[in-house]
Amino acid sequence: VEWLSKVFFINKDNGWSSGTGGTILKTVDGGLTWNLMRSGVDLSLNSIYFVDKSLGWAAGTGGLILKTRDGGETWEKEISGTEESLASIFFIDPNNGWGVGGKGTFIKTTDGGKQWNTQINRNPEWLRSVFFIDANTGWTVGSGETIYKTSDGGTTWVPQASGVSGWLESVYFV
């Protein structure tokens, strides 16, 4: 493993990490030990997200999206509809999910990843992170001081002032 890009925990014990070379690690003891899972790919996985202990997705280089239904024991490829690298993937529930990445790429699914649709985004910047608080309201951040908010599930995006210069790497709301 050269590097790990994301770590995600569904609760205090169960977590996963993704990284270069198709790396996926899993812990069931709060990070005391990690087991290498077989993703079946050798591309970088930039993001990983689970909605429960079984159902999760990983996203990365070349628009790659992987899905697991068994906590990461097995992974299957999904067709993302983009060849741009994906930096972040997020699901609000088992059906509604979003991915963001290079050249302002923004994709959305409403059927658990069976079909991914490209959302219109005129932002040429690299998007690094996406987070939604419900099926309609979300934010994405990235290069060039980028913050965008949507109130319609990603159909339209409104720029927001960040007040900082440079890249914004992550967005999260409690």
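The values are calculated or read from the model by the stated rules, or taken from the named source; none is laboratory data. Since the model is a prediction, treat every value here as computed from it, not as a measurement. Positions of Cβ are backbone-derived with ideal geometry, glycine not excepted, and every protein chain shown enters the neighbour counts. Only protein heavy atoms, including side chains, enter the accessible area calculation; ligands, DNA and RNA are left aside. Shrake-Rupley method; radii C 1.70, N 1.55, O 1.52, S 1.80 Å.
Brief remarks on what is shown
- Förster radius 41 Å - calculated FRET efficiency between A161 and R38, Cβ distance, rounded to 0.05: 0.40
- A DSSP coil position with no more than 13 other Cβ atoms inside 10 Å describes the following GluC sites (Glu not before Pro) in segment 32-120: E73, E83.
- Computed on protein heavy atoms with a 1.4 Å probe, the accessible areas place V158, V130, V164 in the order V158, V164, V130, largest first.
- Accessible surface, 1.4 Å probe, highest first, among residues R128, R69, R38: R38, R69, R128
- Alpha-carbon spread of the chain, three principal axes, descending order, Å: 41, 33, 29
- Whole-Å distance, taken between Cα centres, linking segment 84-116 and segment 1-80: 15
- Averaged over its residues, the chain has an accessible area of 49 Å² per residue, based on protein heavy atoms and a 1.4 Å probe.
- Modelled FRET efficiency - R0 45 Å, N136 with E2, Cβ distances, 0.05 increments: 0.75
- By the rule of a C-alpha distance below 17 Å, with chain neighbours fewer than 8 residues away ignored, the aspartates and glutamates paired with K67 are D42, D52, E76, E78, D93, D111.
- Of G112, G30, G138, the one that fluctuates the most in a GNM where the chain has Cα springs shorter than 10 Å: G30
- Whole-number percent relative contact order across segment 1-131, with pairs defined as alpha carbons under 8 Å at least 6 apart: 15
- Per-pair calculated FRET efficiency, R0 = 30 Å: Y172 and K12 via Cβ, rounded to 0.05: 0.95
- Simple spin-label estimate for K77 and K103 gives 2.0 nm between the two label positions (7 Å along the Cα-to-Cβ direction from each Cα).
- Segment 71-174, relative contact order in percent, only Cα pairs under 8 angstrom and at least six apart counted: 19
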